[in-house]
Each structure stands twice: as C-alpha cells, then as structure tokens.
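Asks: The structure that follows is given in the form of structure tokens.
The values are calculated or read from the model by the stated rules, or taken from the named source; none is laboratory data. A quick note: this is a predicted structure, and the numbers were derived from the prediction, not measured. Glycine also receives a Cβ, built like all others from the backbone with ideal geometry; neighbour counts cover every protein chain displayed. What goes into the accessible areas is simple: the full protein's heavy atoms, side chains included, and nothing from ligands, DNA or RNA. Shrake-Rupley method; radii C 1.70, N 1.55, O 1.52, S 1.80 Å.
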Protein chains: 2
Amino acid sequence: MYLTQPLHRALQQYPDRAATIDGARQRTFREHVERVARLAGGLRSLGVQPGDRVAMMGRNSDSYLEYLMAVPWADAVLVPVNTRWSEIEVVDSLIDSEVEILLVDDAYVETGVAIQARCPGLRHVIHVGSGDHPEQWIDYETLLADSAPVEDARRSGDALAALFYTGGTTGRAKGVMLSHANLVTSALGCAATGFWTTPNGRFLHSAPMFHLADLCLWAAHSLAGNTHVIVPGFDARRVLDTVEEHRVTDLFLVPTMIQMLIDHPSFGDHDLSSLKRFNYGASPISPEVLDRTLRLFPDVELGQAYGMTELSPVATLLDPETHRSGTSRRFSAGRAAPHSEVRVVDVDGVDMPLGEVGEIVSRGGHVMLGYWKQPEATAAVLRDGWMHTGDAGYLDDEGYLFVVDRIKDMIVTGGENVYSAEVEKALYGHPAVESCAVVGMPDQTYGERVHAVVVLRPGATATADELRAHVKTLLAGYKAPRSVDFVDALPMSGAGKILKRRLRRTTATNGA
Amino acid sequence: MYLTQPLHRALQQYPDRAATIDGARQRTFREHVERVARLAGGLRSLGVQPGDRVAMMGRNSDSYLEYLMAVPWADAVLVPVNTRWSEIEVVDSLIDSEVEILLVDDAYVETGVAIQARCPGLRHVIHVGSGDHPEQWIDYETLLADSAPVEDARRSGDALAALFYTGGTTGRAKGVMLSHANLVTSALGCAATGFWTTPNGRFLHSAPMFHLADLCLWAAHSLAGNTHVIVPGFDARRVLDTVEEHRVTDLFLVPTMIQMLIDHPSFGDHDLSSLKRFNYGASPISPEVLDRTLRLFPDVELGQAYGMTELSPVATLLDPETHRSGTSRRFSAGRAAPHSEVRVVDVDGVDMPLGEVGEIVSRGGHVMLGYWKQPEATAAVLRDGWMHTGDAGYLDDEGYLFVVDRIKDMIVTGGENVYSAEVEKALYGHPAVESCAVVGMPDQTYGERVHAVVVLRPGATATADELRAHVKTLLAGYKAPRSVDFVDALPMSGAGKILKRRLRRTTATNGA
C-alpha cells in the first residue's frame, strides 16, 4: 500500500491515457510518471534523503500533482502548505516540520520570499511557473530537465508519507502524520463502495490540493484509472467551462460550491451532460441545495464523506440512494465506510444508546500514526486504536451517523447538555439575526450558562428577551441563552470558521 | 484493517439481515455475531491466549464460518486444515504450528481420533455436529451455550491472523503467515474494482472453506453487506438447487465446477435468474466452457482472479468486459488488481520486455508476512517486498498477464528455455495421447533435455519418433522431447495435480 502504486499500474495498463489536463496542457501517464521520476531525481540531487520533509505552497496545477507523487517516489514526506494560513502560521509549521526544501508557485512568490527570510533551515526554494522570482531560487522546469529519472524508492507502506497541519484555529498547529497505508486504505475503502468513482472517468480537482481530501481523491480516482483535470482553484464559471470542455465525469465540492455552481448565471448555458458524480464533504448539504441539485441532475449520483485529517480523511460515507430517499437520513453523515468502524461513546468510552449524543470515534487502517512531535496531543485523541474526533453525534438503528456539534462546543448547564449548533439554528430562525454564535460561559449557579453573541441585520432590532422568547418557542427552556451580546461582527478564521475560543475569551474579559 | 471489522459494521448497519444460510438454518448478523463472541469466549475458557493457533477440520458449514471469525475475535490464529491432505501431512502441519485446540466436524471424526493419537500437543478437540464422537471431546453447541460472549480482542492489523499450509506436493509443507491487513487488503482491492461483488447480494460458499480463497471472499462479500449461503462442498445438483432456493447472486467456482454446472442434466430445469456474477480462479477457463457460459448467462458478469496463498491470494483480476471481448485477453489472468503491483522479471529482478516470459512477481499490502518458522524459505521468495510466485508468464502492452508455466517446470536445454506446458499442449494435440507430462532431465550434452512421460489412449499406438515428429510440426525443433517414456498412469496428488517431482525421480532412478 503505497501512494505511488497507482502510477506503476497506470504505466503498465494505460500509459497513453491522459493523466493530467491543466488548461491547454495535457500529459499522458507515461509523460506524467517520467516527470515524477525526474522531479524525485532532482530532489535527490538537492540532498533530499528518505524521510525528509518537502513542502509546497501553490494553487492547484499539474506541477502540484507531480510534487504530490515525486516526494513519495523519493521516499520523502509531503508537507502541503495551507495557503489560507497567515504567514506566521506557515512559518511555524515549516520550522516545526524542519522543512529544508519548499516549492512555491507564481501566486506565492512574495509570501515565499517572506517565509524564506524567517525560516533559516530552508536550504532551497524551487519556483514553479513562468513569473519573476529571486535569482537564487531553483527553476522547476530546469531542475526537471537537468535531472535523470530515479527508481521509485518507497520502502514500507507503514512509513510516514505526509504531514498535514491542522487546528490552527484551536491552539498550537498539529502536524498530522499519515502513512502510505493510511491514505491508500481510505481511498480503497471509498472505491470499494462502488459509488465513489466512475471507472475510466475524468475527475476535476477544484478543491485545494493542499488539503488531504484532494490527495485521498487522487488515490481513489487513480485506482479507478481516471484522468485528473485541474483548475487553479474553485471558480464557478471556470469549473462549468472546464466540465464542458473536458467532459468531466466526477466532481468533489463542498456544499457551498455546489450552490455557487447551480446559482451561476451561466449555469443553463453549459453542456454538463458528462457529469456522473458529485461528491462532497466538509459539511452537510442544505435541504434546498440538495433538492435543487437532485432536480437539475436527475442522473447524477451524490456521495458525501465525513471525516477529518486524522482519519485520512474518510470515516463515513452517504450513498446516492439515501440522497434520493426523501428521508432525514439524506442529511446524515452516512454510515461507516468499508475500511472504517465508527462508534458514539461517552467519556468512559462506553457506547451511547442509539439516538443519544456522544463523541464520535473511529478505528481502522485509516487512523493517523499520530501528531508530529506531540505525543501528549496524540495520546489525548488516540486510545486503544480509536481516534476521538471531538465531534458530537448520534447513530440511528441502521448505523447512520448524525453529527451535531463539536464536543468542546457542548455546554453543560444545570446538568443538561446543550449543543450550541442547535441553539444557533434556532436563533438563525429569527428575522433580525444576521449571524450568531453560542458558547458556554462560566456560571456560579449553573456551572455554565448558554451565552449568545449576535450580529443583527442592518436596520433590524431585537432585544435579548425577544431572542430568548423566540428560542423557547423552538427548544426546551434551558437551551435558551441566559445572556446575549450584540456585536458588529464575529471573529472569523482565514478559512471562514467562527473563532469561538476567541469569542469566549473576549466575552469573559469584557465581563459581559 | 481487521478480519472482524465487517461484523461490527453489519451489527451497526443491518443486524437483522441474514448472515448465514446453511440448509434450513438461517441466522441474522445479530445472532451470528453473538455466536462468534460466545465461541471466542469458549476458546478463552479453554486457555486460548492471543497469538495461539486454533485449527479446524471440516466441511463447509455455518459453524466453519463462526470458527473463521471467532478465532480472530479472540485474537488467536486460524489454521484451517486442508481435508484433502493425507493424515500424515495434516499431523505434520498441526505439530509444526503447535496447535493445542482442534475443531472437527461429523465428516472427520475418525480422522480426528487418529490425528489426536499422533499429536501429543493437542489439548482439546471440539466436535461440531450431531454425530458420535469420543467422550472426552468437547461439544461445540454446549461450549457456546456455556460461554459468555467476550469483547473483540483484536490488537493490530499487522498481527498474524492465519496460517495456511501449502506446498505439500513440492516438498516440506510451509505455513503461510497472513496478517489481518494482508487479508483485508486483498478483499478491499477486489471490492474496489466494482465488478467483484454484488452489493446486498447473496454469496454461495461452495469451494472449500479451508482454502484461503474462501476467507478472502468472506471478507469481500462482507464488505458488500452480503449474506453467506453455505453448502457442505461442491456438488453440481446441490449448487443448482441452492441457487434457485435462496436466490443466490454470486458464485465463486473453479472452471471445472462451472463446466459441471452447465453440463448437469438438471441444469435446464432450474430457475437461475438470480445469478449476477460468476467469479473463478485457480486456472484459466477453456474457450469452450467460456463461450457456453457467456451464451447461457448473457447477463452474468464473469470475473477471474489469479494469485496464490502467499498473496492473500489475489494479484490480478480479469474483468467482465474482457471476458466478453472476443480477444485472446479473455484467456489471460487479467491485470494487476487495485491493491497489487505485478511485474515479470528475469533472474536478476530486471523487467522482461513485453511479451517475453519471465517470473511473475507481485508487491503490495497483500504480500504475506513470511513462512512460519522458515526464514530461509521466506528469504528465497520475498525480496525487496516482491513475492516471487515461481510462475512463469508474460505481460502485454496493456498490462494483461499471461501465465504459461511454473518456473521450476521450465527446462533449459542447450541454452534455450522450454516451457513444459507448451510441449504438453502440443503432445495433447496428438490423437493417441491420453495424458502426458514433460520434465527436464539432466543431460551431458544439453545441460537438460526435454523428456516426455506419456499415457496412450486405450487401444492407440504411437512411437517416440512419431510423437517427436508431431511436436516439431507445431514447435521449434529444440522443444521436441528427446526421450519419451510410455506409462500406464501418471503419479497424481490428492488435489489432482501431476507430481512432476516424483516423475523426475522415478524416471532418473529407472535410468530411462
């Protein structure tokens, strides 16, 4: 079980099939593998040893895919950089992982220069693209042209294949260590469902390649013999154009992207008849978007994945039939994937009764090796082989998993559990509420009290009492916020998540 | 990746679906898992510790499936006994693997008594069935009734899960050590093709459960959520009846069994419309049987697997489309499976050019841990992660593998390689030849010479010169046998394989 294994099979079985399509540039698997082997040789010539970490910061491209394969081909370790992170977060992760070689594309030359100045351990920067760059940087195409292809150097499937940094919004960033076997297990498990990939199809990489999800998708679609069509990043118009031009069969999107596609003014002008599969993840789909998607694409199969980086990343899958079932299960996270086991447990690791909320845990060959150089953080989440996701959820009587919240966003007030997501959903139902966040605040009487931070719509008004009364029409009384702050804006992370930790701190400091 | 993982998913997702159907007896997954957990508890009560070996000798049954799951559930090691072996071979394998507990069904009580007398290390024999048995044996159902179910004790996916003894016909029997991950990898790889299993179908276990193939099929069909329908062993009429009665969707057969099914006088009387899939292995299918099968079952998908016990057991798969392609590739062994890499190499491990014969090697998560207590034998076949199959074959330009012979049956004569299978095929084309075997004999001039041992048809006559002349009309002169022995019968193994090793020895002793 190695990440590079599908390349060998492709070379043996369909060397002349298109491997990558990036704009006007197409390469066959024969050409792709040749370039991967040359890049691996180039990395070797720059002193990369087995187990060394090699980072890349860039938008999606065929070169990015070459990086994702050449590093394991050289038996080194991938460190794809999240381009949405702040410079300081990126620098911290590169220093933490002791990266000596960084690839940077045209879009990140300026950032690359700044990072290099702050990472003394960085020996070489390789520039991918045709734009200007500092003189001492190495040109990617020149490196490939000057390097001889090397043999695939991979050793054991249990060797470290990649470090994905995660959790920048909730504390010190952690490097998730994934082995080759971890990644291939998730991909094989998805493929084994029969509904995840279209054999001999064309998969569009529109979600960021620096996310683990894309690497898992790379592997799953490569197992299916698929061509990789690449756009620099998600842009609804560009995705629509590319699907039409290259007869794309398979998409992976987050629900917001699906909505942007079907909402796009030019949507109706495109021939999208090649599409066979929409897979999505990261969040459940809204009823409205799901219904429109099903109507607009009566023959397209929808699949959803739930998981996290630490699970390589797939724990559960929701199949196409359930998406079209009309039942509430279509908004669940699906069921344990073929490679995965999933349970919902209490704090002692005991199974919760069906329908009752607890922490979601998963076990199998897809569970990470651990956090890089953070044994305590690893021990906190990996117990008896079970990855503790920190997500709260419940199971129904046929194993469908419903994710309700993050465990740490659960509020315990007067002995009752309140899930902030539930209260937020109720608040969003009030016409004056533009956005909101619900957190637990220390309380002498109740242990914690339910506290809401609310942004009102421009021109709208509502008092704390009105909002409380509104919530009580929908939920049990103890779930209604005991205190409400009105603010102009909520603190957000670069990835668009509300920073609840900061919210708690600010609120506590203000004494509100 | 554990063998027992599908049981947990079944219990969570479809506990009331039929797990096993054995004659008139049906059990749901809830009942099946309960019995597995009880049997594991029973084994524990008999002193079975993690890693201990537990053997079974029996025909196919739902109890056999319980044994196959309860032993890994107790974190012990399976040693399924090949019932076709001689008593002495079985005793040798049980002593070699230090088995202390043996399960025996009604069909093997007598053998079990004899084995027990010769295996002093055997502490307990458990009797499965309703027939007579020695008083000191433990009754299977009583053990289950008296034992409390225990938790699944499995630890690591890399732990030893099973020992399968192999190679009794070619020297000292070797215990092939397979891990949980080995077995699940092969199963996931088969499932990932999309053509190997019918989701939510019914699989008929008609090939022997003591073969590794059945355990891999158990796992693959369990990943697909399938019900296991069980017959004691292959019997054409019984298989036809069972398919009809239980609406079986998936079969695994060897080609001879397919032929016996379609040749059976009652074939036309059965409603076989539930069948969706015929998978087969062990040998290629003959053109005549393939063509008839395709005609008789226009909607059935055919799949073939090639591999060996040491590959858990699947290395390559031939898909349904190729079976119906009309090309010569339908008689190939297919292409590297999703989990597997396959090459054809010379004695130095260098790839042979396409179309040229060399040794077939395979690499991936499905490659065995090694041979039990035989590190030299392991080192001889496992090099740089590649399992050397001992099979000779070649690849075509799209990765289709053609298996031509066993490497050790290759004759090197005057510097030329001759594959015995090729010469045997030519000899079979002569009307007087009933059966034959071709071996290499030491020769002062040529190093080895091509030697044929022939059984003539009753009443037919042919001289060595006539046969030699016949072969020369079909093959290069150096491939024609330089010497021919005429015998009444060829020495055969219990499994119906010609014992070439014995043939060489006999011939050499005779000085023929």
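Asks: Give me a comma-separated list of calculated 3J(HN,Hα) values for the range A:132-146, in order, Karplus coefficients 6.51, -1.76, 1.60 applied at θ = phi - 60°, integers in Hz, x for any Gly or Pro.
Replies: Each residue of the range A:132-146 in turn: 5, 7, x, 4, 6, 6, 8, 7, 4, 5, 5, 4, 5, 5, 8 Hz.
Asks: Would you grab the residues whose amide H sits under 5 Å from the one on residue A:209? Only those 5+ places off in sequence or on another chain, please, with H modelled 1.01 Å from N.
Replies: Amide H neighbours of residue A:209, under 5 Å, 5+ apart: A:60.
Asks: To the nearest 10 degrees, how steeply does helix A:500-510 sit against the main Cα axis of chain A, on a 0 to 90 scale?
Replies: Result, in degrees: 50.
Asks: Just name one of B:49, B:14, B:82: the one whose Cα is farthest towards the positive end of the charge dipole of the range B:12-143 (beta-carbon charges, Lys/Arg +1, Asp/Glu -1).
Replies: B:14
Asks: Also: Over the range B:351-450, what is the relative contact order in percent, taking alpha-carbon pairs closer than 8 angstrom and at least six residues apart?
Replies: So the answer I get is 21 percent.
Asks: Right, next: What number, rounded to the nearest 500 deg cm²/dmol, is the helix-based mean residue ellipticity at 222 nm of chain A, given -39500 (n - 2.57) per DSSP H run of at least four residues and division by all its residues?
Replies: -9500 deg cm²/dmol
Asks: Residue-wise, which Karplus ³J(HN,Hα) couplings in Hz belong to the range A:275-286, taking 6.51 cos²θ - 1.76 cosθ + 1.60, θ = phi - 60°, and x for glycine or proline?
Replies: 5, 10, 8, 10, 9, 9, x, 6, 7, x, 8, 7
Asks: Now a separate question. Can you pull a Stokes-Einstein diffusion coefficient for the range A:414-510 at 25 °C (0.890 mPa s), Rh from Kirkwood over Cα pairs, as a whole number of µm²/s?
Replies: Translational D for this selection: 180 µm²/s.
Asks: Let me check I've understood the local charge: for residue A:183, count other residues with C-beta under 12 angstrom from its C-beta, Lys and Arg +1, Asp and Glu -1. What total comes out?
Replies: After counting each charged neighbour, the total is -2.
Asks: Tell me, what is the per residue accessible area of the protein assembly as shown in Å², probe radius 1.4 Å?
Replies: 39 Å²
Asks: Taking amide H positions as placed 1.01 Å from N in the peptide plane, with prolines and chain starts having none, which residues 5 or more places from residue A:340, or on another chain, fall under 5 Å of its amide H?
Replies: Close amide H contacts, sequence-distant or interchain: none at all.
Asks: Let me ask you something else. Once a ≥ b ≥ c are taken as the square roots of the eigenvalues of the Cα gyration tensor of chain A, is the result rounded (a/c under 1.5), prolate (a/b larger than b/c) or oblate (a/b not larger than b/c)?
Replies: Taking the square roots of the gyration eigenvalues as a ≥ b ≥ c, chain A is prolate.
Asks: If r is the Cβ-Cβ distance from residue B:486 to residue B:46 and R0 is 41 Å, what FRET efficiency results, to the nearest 0.05?
Replies: FRET efficiency, residue B:486 to residue B:46: 0.15.
Asks: With point charges of +1 on the Cβ of Lys and Arg and -1 on the Cβ of Asp and Glu, referenced to the Cα centre of the protein assembly as shown, which listed residue (B:385, A:475, A:498) lies farthest in the positive direction of the dipole?
Replies: So the residue furthest toward the plus end is B:385.
Asks: So which lysines can residue B:479 reach, going by Cα to Cα under 29 Å and dropping same-chain residues fewer than 8 places off?
Replies: Cross-link targets: B:408, B:425, B:497, B:500.
Asks: I'd like the orientation of helix A:180-192 relative to chain A: the angle between its Cα long axis and the longest Cα principal axis, in ° from 0 to 90, rounded to 10.
Replies: In chain A, helix A:180-192 runs at an angle near 70 degrees to the longest axis.
Asks: Based on the alpha-carbon gyration tensor of the protein assembly as shown, what equivalent-ellipsoid semi-axes (square roots of 5 times the eigenvalues) come out, in whole Å, largest first?
Replies: The answer is 55, 36, 26 Å, longest axis first.
Asks: List for the range B:191-216: residues with 20 Å² or greater reduction in accessible area, all protein chains versus chain alone, probe 1.4 Å?
Replies: Output list: B:191, B:192.
Asks: Given a 1.4 Å probe, show me the residues in the range B:343-375 buried by at least 50 Å² of accessible surface when comparing the whole protein assembly to the chain alone.
Replies: Hits at the 50 Å² cut-off: B:363.
Asks: Sticking with this one: Over the range A:414-510, what is the percentage of antiparallel beta bridges among all DSSP beta bridges, to the nearest 5?
Replies: That works out to approximately 75 percent antiparallel.
Asks: Averaged over its residues, how many other protein chain Cβ atoms are within 10 Å of peptide A:182-190's Cβ atoms?
Replies: Going residue by residue through A:182-190 and averaging, the value is 4.
Asks: Helix A:287-296 versus the longest principal axis of chain A: what angle, 0 to 90°, nearest 10, using Cα atoms?
Replies: 50 degrees
Asks: Give me the lysines in straight-line cross-link reach of residue B:276: C-alpha distance below 30 Å, same-chain residues under 8 apart excluded.
Replies: A:276
Asks: For residue A:174, which aspartates and glutamates qualify as cross-link partners when the Cα separation must be under 17 Å and same-chain residues fewer than eight apart are set aside?
Replies: A:87, A:89, A:92, A:96, A:98, A:310, A:376
Asks: In Å² (nearest 100), what accessible area is buried between A and B, both sides summed, heavy protein atoms only, 1.4 Å probe?
Replies: The A and B chains share an interface burying roughly 2600 Å².
Asks: How large, in percent, is the carbon and sulfur part of the accessible surface of chain B at a probe radius of 1.4 Å?
Replies: 50 percent
Asks: Quick one: check the C-alpha center-to-center distance for the range A:128-195 versus the range B:279-317, whole angstrom.
Replies: Spelled out, the Cα-based centre of one part sits 38 Å from the other.
Asks: Would you please classify the overall shape of the range B:294-368 from the alpha carbon gyration tensor, given that a ≥ b ≥ c denote the square roots of the eigenvalues, rounded means a/c under 1.5, and beyond that prolate means a/b larger than b/c while oblate covers the rest?
Replies: oblate
Asks: With the Cα gyration tensor of the range B:344-393 giving a ≥ b ≥ c as the square roots of its eigenvalues, does the rule (a/c under 1.5 for rounded; else a/b larger than b/c for prolate; else oblate) give rounded, prolate or oblate?
Replies: It comes out prolate by the Cα gyration axes.
Asks: For chain B, which longest stretch is free of loop sites, where a loop site is one of the trypsin sites (Lys or Arg not before Pro) that DSSP puts outside H, G, I, E and B and that has at most 16 other Cβ atoms within 10 Å?
Replies: Answer from the scan: B:374-496.
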